[in-house]
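Participant: The structure that follows is given in the form of structure tokens.
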Amino acid sequence: MAVVNLTGENFKAETSQGLVLVDFYADWCGPCKMLAPVLDELANEVTDVKISKVNVDSAKELAVEFGVSTIPNITFLKDGKIVHQDIGYKPKEVLLSLIDSYR
């Protein structure tokens, strides 16, 4: 499955059910660029978790709503509720471990 791009219009519908990893990012952010291929790999390997991204420059209201002040910000939502937030680049193994802990 591909990484899902989230906006203010589709955010609630895409994150209301199941476990969703949301990467709050910006195109100009170096660590965000490093994280992108890791998220692509996860999206192809982990079929029961939605891997998604929010561009903080084009969806500022979501960044504010989720208290994002540093990017990349990785937020896990389960059935629409925040279960974990972390900042900075994370290797695939760390993200897989987090996914396993919230399944």
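The values are calculated or read from the model by the stated rules, or taken from the named source; none is laboratory data. Here the structure is a predicted model, which means the values were calculated and not measured. Because the Cβ atoms are built from the backbone with ideal geometry, glycine has one as well, and the counts that use them run over all protein chains shown. When the accessible area is computed, the model is the full protein with side chains, heavy atoms only, and any ligands, DNA or RNA have been set aside. Shrake-Rupley method; radii C 1.70, N 1.55, O 1.52, S 1.80 Å.
Participant: Give me the residue from region 17-66 that is small (G, A, S) and over 14 Å from the mean Cα position of the chain (by Cα) and, out of that set, farthest from L98 (Cα to Cα).
Facilitator: Result: S58.
Participant: Tell me, please, whether a residue that is touching a Leu at 6+ places or on another chain (Cβ under 7 Å), open to solvent by 20 Å² or more (accessible area, probe 1.4 Å) and either within 18 Å of M1 (Cα to Cα) or in contact (Cβ under 8 Å) with a residue 24 or more places away in the chain (or both) can be found in region 27-47.
Facilitator: no
Participant: Being open to solvent by 90 Å² or more (accessible area, probe 1.4 Å), in contact (Cβ under 8 Å) with a residue 12 or more places away in the chain and of a type in the set (G, A, S) is the filter here, so list the residues in region 51-103 that pass it.
Facilitator: Result: S58, single match.
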